[in-house]
Amino acid sequence: MAKRLYTPVKLGNIELSNRIVMGPMGLGYANDGYVSDRLLEFFRQRAKGKPGLIIVGGTQVDKKRYTNTAGLHCFDEKYIPGLKKFTDMIHTESEGKTKIFFQFLHHGRYSKQKDIGGVEAVAPSAVPSPYTKFEMPHALTIDEIREIVGFYGNAARIAKEAGADGIEICTNSGYLIGQFFSPITNKREDEYGGSLENRMRFYFEVVDAIREAVGNDFVVTTRIGGSDLIPGSNTIEDAVKIARAISDCGRIDALSVTGGWHESSVPQVTMEMPWEAFSFLGRTIKDNVDIPVMMSNRLGIEAAERYVEEGALDLAVFARAFLADPEFAKKAAQGRYDEIRYCIGCNQKCLDRLLTGRGIVGCLANVSCGLECDYVNQNKELPDQVISEHKENILVIGAGPAGMEFARVASARGHKVTVCEKNERSGGQMLYAAMPPRRKDIDLLRTYLENVCKNQGVCFITGRKISADETEFLNSFDRIVVATGSKPVIPDIPVEEGADVVMSLDVLSGKKTTGRKVVVAGAGAVGTQVALSLAEEGTPSAEAVRSFLMFGMDTPDNIAAMLNKGTKTVSIVGKKIGKGIGPGTKFSMIARIKQLGVNQYKGFHVIEIKQNGACLEDGEGNREFVDADTVVIALGTTPDNELYEKLKGLGMKAELNVIGDAQKSGYISDAMEAAYELAVTL
């Protein structure tokens, strides 16, 4: 008997084939508001996986304050042909199993003038946001409110004509309607401000306009924040009141619950936050309303199955899970959990790119994400869905991210692949990257790559270090791909005899311990993570904190203080603290360093290491001495390409390639991209 998550459910007068929803995301794939090939091919691959519903995020309704770099436009008839092509494609590729909604979004005070044609952003009140570096919006007049209400109704009519199955109204994450809901952004003294009833007036006028445009039979849902996670703004108690009012109005077919505002300091979609941490928001609202409820944010598939089975939720919303794995819904329904390419919450190619505007939104774990239109063939197939015409017998040396991603793609294309790894476990640098506090989800990528490779017939030989003199073995292959990774940079710093100097990876792996006073030389991603790991030593575990709270062993304030005070004194030294960490995670990591009292020596570098500490110097010749029992070196890596250079000089019969950090030290995403690019050409 199928689990309830994979059974049909009614929303209004339509039936979804299952209860998995691909949630709305900011992708930036539209072309000046029109449906683009990039957007079509991205969603085509997801429709093939047959989720019950796809909600297209960021659909803009305001014809005066729109951007050409964000989502689709839905405020003029000229967009209908493209939108209709899009909705027809979803229905066709999913064989009618997937419905499509457009999420209506108005940025309000989250709009930057430069992005909306130089006009002023609007808001309930003139309250600026850190999200726009405190650009001042102007308070909407009554006439402007009525005009925007009309824009929503017009957009609904267009969406229906374009073949959408429904509409989702966005009130969450700090956007315009949520700005009306919140007492910290709504300071109005007219009928749109003050009481919660008044603060919801704009929303209900929007609902009226939409219903007038599309009728009562068309499906309309609303997404709300379960808590704004902003001091002084709406809490879960307020969200329950908002949800009840929406449910009781009788004009909304379902509620979708997410987390807080974008400007909140609480991590919401990064691996720092435990899986299911926000599920209580949806479950609480479900207990208080009479319409279907769906929930998102760090929701694991097996937990979603359980919540829906128990009736705690009606549908489960996954967003970035579909960036990582277009077939997420299909694999889950078939119980193929070990083949799911999970979102690891790294933010590197999704949220970070949205925040910086650099590069196309993609996914570290899925190289083709966002690039489907560049890779698909005439049959709309991706390279790893096509068997190569020229099959090879390939040896991959190294089972890090580059080696395993190459093996995955090459074996999917029909090549015979053998992977030799000098260590007893696969993973390479991923093993170390997963060791700092709250970074363990990186291991989900390692296990996915290993599982899929083995399922596709890749032969793994671990504990085997290949040497250049094994010519008979090496020449038995058509191609040798060297993916031996990188090695730590060992700086030319004078070290006093007897000083305790250790490498960062040895600390992360537990091979080496440190004294009570530690200096971390290097403040990039690895140095920052090492400093956090060391500073948290001696703080209570999550299970201990749970017990403290359950049994009233101490006050919440005292428990919080315990979490912020470890047993080591840690200092971090570097040009810029957190350099190389993306903005989606950097803010919380730097905040945590401050909480833990890590001493930050910005702009300094270590010039000498003594038995009792480290001598530092900045760019202007100023010097400091920091007491330390141990100095940890975290000054980056350099390619470990000695084997490649030897093989290159032997004149091998086999073709020879080098990829990943063995070619150029970089991020996991760089290694994955290099591996994919090579594998799809063979």
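The values are calculated or read from the model by the stated rules, or taken from the named source; none is laboratory data. Note that the coordinates shown come from a computational prediction; the quantities given were computed from them, not determined experimentally. Methodologically, a virtual Cβ is constructed for each residue, glycine included, from the backbone with ideal geometry; neighbour enumeration extends over all protein chains shown. Please note that ligands, DNA and RNA were not included when accessible areas were found on the heavy atoms of the full protein model with its side chains. Shrake-Rupley method; radii C 1.70, N 1.55, O 1.52, S 1.80 Å.
Overview of results
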quantity: Ordering of 179-185, 565-571 by packing [mean C-beta count within 10 Å, highest first]; calculated: 179-185, 565-571
quantity: Coarse-grained scattering of the stretch 514-659 at q = 0.12, 0.14, 0.15, 0.19 Å⁻¹, given as base-10 log I(q)/I(0) from a Debye sum over alpha-carbon atoms; calculated: -0.63, -0.76, -0.82, -1.06
quantity: Rounded to whole Hz, the Karplus (6.51, -1.76, 1.60) HN-Hα couplings of the stretch 242-249, x for glycine and proline; calculated: 4, 5, 4, 4, 5, 4, 6, 5
quantity: For the chain, size of Cβ-based charge dipole, Lys and Arg +1, Asp and Glu -1, in debye; calculated: 340
quantity: Electrostatic dipole magnitude of the stretch 427-540 [Cβ: Lys, Arg +1; Asp, Glu -1; Cα centre; debye, to 20]; calculated: 420
quantity: Residue-averaged 222 nm ellipticity for the chain, from DSSP H runs of 4+ at -39500 (n - 2.57), nearest 500; calculated: -9500 deg cm²/dmol
quantity: In the stretch 482-544, trypsin sites (Lys or Arg not before Pro) in a DSSP loop with at most 15 other beta-carbon atoms within 10 Å; calculated: 511, 516
quantity: Proximal lysines relative to residue 286, as straight alpha-carbon distance under 25 Å, when same-chain residues fewer than 8 apart are discounted; calculated: 3, 10, 99, 241
quantity: Per-residue SASA entry for residue 265, accessible area with 1.4 Å probe, Å² rounded to 10; calculated: 90
quantity: Positive dipole terminus of the stretch 565-682, leading residue within 650, 613, 595 (C-beta point charges); calculated: 595
quantity: Share antiparallel - DSSP beta bridges, the chain, percent rounded to 5; calculated: 20
quantity: Span from the the stretch 555-600 Cα centroid across to the the stretch 457-481 one, whole angstrom; calculated: 44
quantity: Two-decimal ratio, the stretch 319-442, of alpha-carbon radius of gyration to 2.2 N^0.38 Å; calculated: 1.16
quantity: Highest average packing first - 642-651, 12-21, 84-93, 47-56, Cβ atoms within 10 Å; calculated: 47-56, 12-21, 84-93, 642-651
quantity: Per-residue HN-Hα couplings for the stretch 501-509 [Karplus 6.51, -1.76, 1.60; θ = phi - 60°; Hz; x = Gly/Pro]; calculated: 10, 10, 8, 4, 5, 5, 5, 4, 7
quantity: Alpha-carbon centroid distance for the pair the stretch 252-266 / the stretch 69-125, whole angstrom; calculated: 19
quantity: Whole-percent carbon and sulfur share, accessible surface of the stretch 498-649, 1.4 Å; calculated: 49
quantity: Global form of the stretch 280-368, assessed from the alpha-carbon gyration tensor, a/c cut-off 1.5; calculated: oblate
quantity: Counting all C-alpha pairs of the stretch 212-339, share separated by more than 20 Å (%); calculated: 48
quantity: Protection-proxy order for peptides 319-325, 330-336, each taking the mean of Cβ atoms within 10 Å per residue, highest first; calculated: 319-325, 330-336
quantity: Cysteines not pairable in the chain (beta carbon separation under 4.7 Å absent); calculated: 74, 170, 249, 343, 346, 350, 373, 420, 453, 459, 615
quantity: Order of exposure, largest accessible area first, which applies to 374, 208, 640 with probe 1.4 Å; calculated: 374, 208, 640
quantity: J(HN,Hα) series, the stretch 173-189, from Karplus relation 6.51 cos²θ - 1.76 cosθ + 1.60, nearest Hz, glycine and proline x; calculated: 6, x, 7, 3, 5, x, 5, 5, 5, 8, x, 8, 10, 10, 10, 5, 10
quantity: Quarter of the Cα convex hull surface for the chain, i.e. its orientation-mean projected area (nm²); calculated: 32.9
quantity: Probe 1.4 Å, protein heavy atoms only - accessible area per residue of the stretch 585-640 in square angstrom; calculated: 49
quantity: Inter-part distance where the stretch 488-509 and the stretch 338-415 are each reduced to a Cα centre, Å; calculated: 36
quantity: Alpha carbon convex hull of the stretch 172-240, projected area averaged over orientations, nm²; calculated: 5.0
quantity: Principal-axis tilt of helix 201-214 within the chain, Cα atoms, nearest 10 degrees; calculated: 80
